[in-house]
Amino acid sequence: MTAIVGIASAGIVHIGGDSAGVAGYVVHTRADAKVFVTGSYAFGFTTSFRMGQLIRWAWTPPEPPASDLDRFMSTTFIDGLRECLKTGGWATKDNERECGGVFLVGVAGRLFNVDSDYQIGESVHGYDAVGSGDEVALGALYATSRTRMSPRKRLEIALEASEQFNGNVSGPFAYVSAPASA
């Protein structure tokens, strides 16, 4: 139901997202953005607007450490996220396995992908995409990776390509950047 795209470049993470809210064959253009900045973090979500609202408004993510960001993201960050989603009634449990949602998060100049099973991933390419338009967006990000385009222009092209070739993606598009790491 969406396309969220992100690029880590020169110590800053840039994230863009579409405005589609999809239910079956109906697409609603939403005014509430799927991308936002909270503290040191930039987020771009798919899966559910409710999940995004909880992350944006009901949770204050912990400040990232100066070192061992991988461990922090996989433990402290995820533990806080899980608690927020459980308290907000969004997280589900099936056969003792918890499920959340999918989103990109940028922090300390790095771009992470959080999957529905709460795993943290980081692409070796410095860019990533999630949502139903992710494959088209990744193709566009790859095709522009050797150019001198700005990260914002690359995000624009990726979102426009996703909108062109995926019926669940529509503008207008919103963009945010994570603050540079201290």
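A few notes on this one:
- Residue match in the range 146-163 (condition: touching a residue at least 40 places away in the same chain (Cβ under 8 Å), assigned to a helix (DSSP H, G or I), of a type in the set (Gly, Ala, Ser) and under 28 Å from Pro64 (Cβ atoms)): yes
- Filtering the range 67-91 to residues that are in contact with a helix residue (DSSP H, G or I) (Cβ under 9 Å, 6 or more places away or on another chain) and β-branched (Val, Ile, Thr) leaves only Thr87.
- Failed item, numbered, when Ala129 is tested on (1) at pLDDT 95 or above; (2) among the small types (Gly, Ala, Ser); (3) within 16 Å of Ile4 (Cβ to Cβ); (4) assigned to a loop (DSSP other than H, G, I, E, B): (4)
- Matching residues in the range 80-97 - criterion: being part of a loop (DSSP other than H, G, I, E, B), at pLDDT below 90 and surrounded by 12 or more Cβ atoms within 10 Å (Cβ to Cβ): Ala91
- Residue within the range 25-45 that is polar (S, T, N, Q), within 20 Å of Thr92 (Cβ to Cβ) and out of contact with any helix residue (DSSP H, G or I) (no Cβ under 7 Å at 6 or more places or on another chain) present: no
- Single unsatisfied condition, Tyr142 versus (1) under 20 Å from Ala178 (Cβ atoms); (2) of a type in the set (Phe, Trp, Tyr); (3) not in a strand (DSSP E or B): (1)
- Checked against the criterion of being among the aromatic types (Phe, Trp, Tyr), surrounded by 16 or more Cβ atoms within 10 Å (Cβ to Cβ) and either without any contact (Cβ under 8 Å) to a residue 60 or more places away in the chain or farther than 16 Å from Ile4 by Cβ (or both), the candidates Phe77, Phe36 yield just one match: Phe77.
- Residue pairs meeting the criteria (Cβ under 6 Å; at least 6 apart or on separate chains; first basic (Lys, Arg), in the range 13-30; second part of a strand (DSSP E or B)): Arg30/Gly21
- Looking only at the range 1-17, and only at residues there that are touching a Ser or Thr at 6+ places or on another chain (Cβ under 7 Å) and over 21 Å from Gly100 (Cβ atoms), the one that is surrounded by the fewest Cβ atoms within 10 Å (Cβ to Cβ): Gly11
- Residue within the range 111-125 that is hydrophobic (A, V, I, L, M, F, W, C) and either touching an Asp or Glu at 6+ places or on another chain (Cβ under 7 Å) or assigned to a helix (DSSP H, G or I) (or both) present: yes
- Test: residue in the range 124-137 that is in contact (Cβ under 8 Å) with a residue 40 or more places away in the chain and more than 24 Å from Ser170 (Cβ to Cβ): yes
- Taken together, Ala129, Ala66, Ala161, Ala137 contain a single residue that is under 27 Å from Tyr25 (Cα atoms) and over 17 Å from the mean Cα position of the chain (by Cα), which is Ala161.
The values are calculated or read from the model by the stated rules, or taken from the named source; none is laboratory data. Being a predicted model, the structure only gives us computed values, none of them experimental. Here the Cβ is made from the backbone with ideal geometry for all residues, glycine too, and neighbour counts use every protein chain on show.
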